[in-house]
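Please treat every number below as a calculation from the coordinates, not as lab data. This is a predicted model, so every value here is computed, not measured. All Cβ positions, even for glycine, are placed from backbone atoms using ideal geometry, and neighbour counts span all protein chains on display.
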Amino acid sequence: MNRLILILTCFFAYYASAQDYMEKIAEGTCDCIAKKKLNLNNDEQLKLNLGLCMMEAYGKYEKLVPKKDRLDLSNSTQMRAFGEKLGIKMISFCPDFLMAVGKQALKDDAIEEDSTAAATVDEATALEDLSVEGTIHSITKNHYLILTVKESTGKSHQFYLINNFENSYLITDQVLQNKDKVKVSYFETELYDVQLNKFLISKVITDIVKL
């Protein structure tokens, strides 16, 4: 019976110490932050000093950390998990600081979402169809079906038929012939040229209308 009590006492003592080290590191981190008297509206200050203070407090109490739980600074997953656990403990010691960090994180997320949306709009704009009006000069078959159209200025364009679209039959069924006037809608992309062994900027047809 006495042995059982001793074992249970040792277990709870170990468990308590395992919990205590996280609280000590959390308290040490908050004390470090408090001493710095940071501007809670300065995102860069918050992030930089949070990391510095966490590592300072961890170094101070590292001997209390069980060997299996000690940090490997090259293990980003472990570092992230440790930071999340420590953050929960820090709420008891510096709630105002953590609220400020949380607000900045929300702002960062909003900025990132706005940037993503803007990038999507830019990408969509970049992919908007361009168009050329002119006379069909030739229709040839190589690795792709290539339509050559010459503008009234004499400038020639080569268009590649890659995708199916509503009027693609005008080309595939040879409805259009040389010297027909057309309006070609297209977008530019990189296509791999087997003979040249490299990617080339090419015009891909998305629509064609006989004028």
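For the range 135-202, would you read off the P(r) tail past 14 Å as a percentage of all alpha carbon pairs?
Here the tail beyond 14 Å accounts for 62 percent of pairs.
If you average the C-alpha positions of the range 40-82 and of the range 154-171 separately, how far apart do those two centres end up, in angstrom? Answer, in whole Å: 59. Step through the table entries Lys47/Lys89; Lys47/Lys67; Lys150/Lys203; Lys35/Lys85; Lys36/Lys85, compare each Cα-Cα distance with 26 Å, and write down the pairs that go over it. Flagged as over cut-off: Lys47/Lys67.
Normalised Debye scattering of the range 28-110 at q = 0.12, 0.15 Å⁻¹ gives log10 I(q)/I(0) of -0.36, -0.56, counting only Cα atoms as equal scatterers and leaving out solvent. This model, with +1 at the C-beta of Lys and Arg and -1 at the C-beta of Asp and Glu, gives the range 161-211 a dipole about its Cα centre of some 240 debye.
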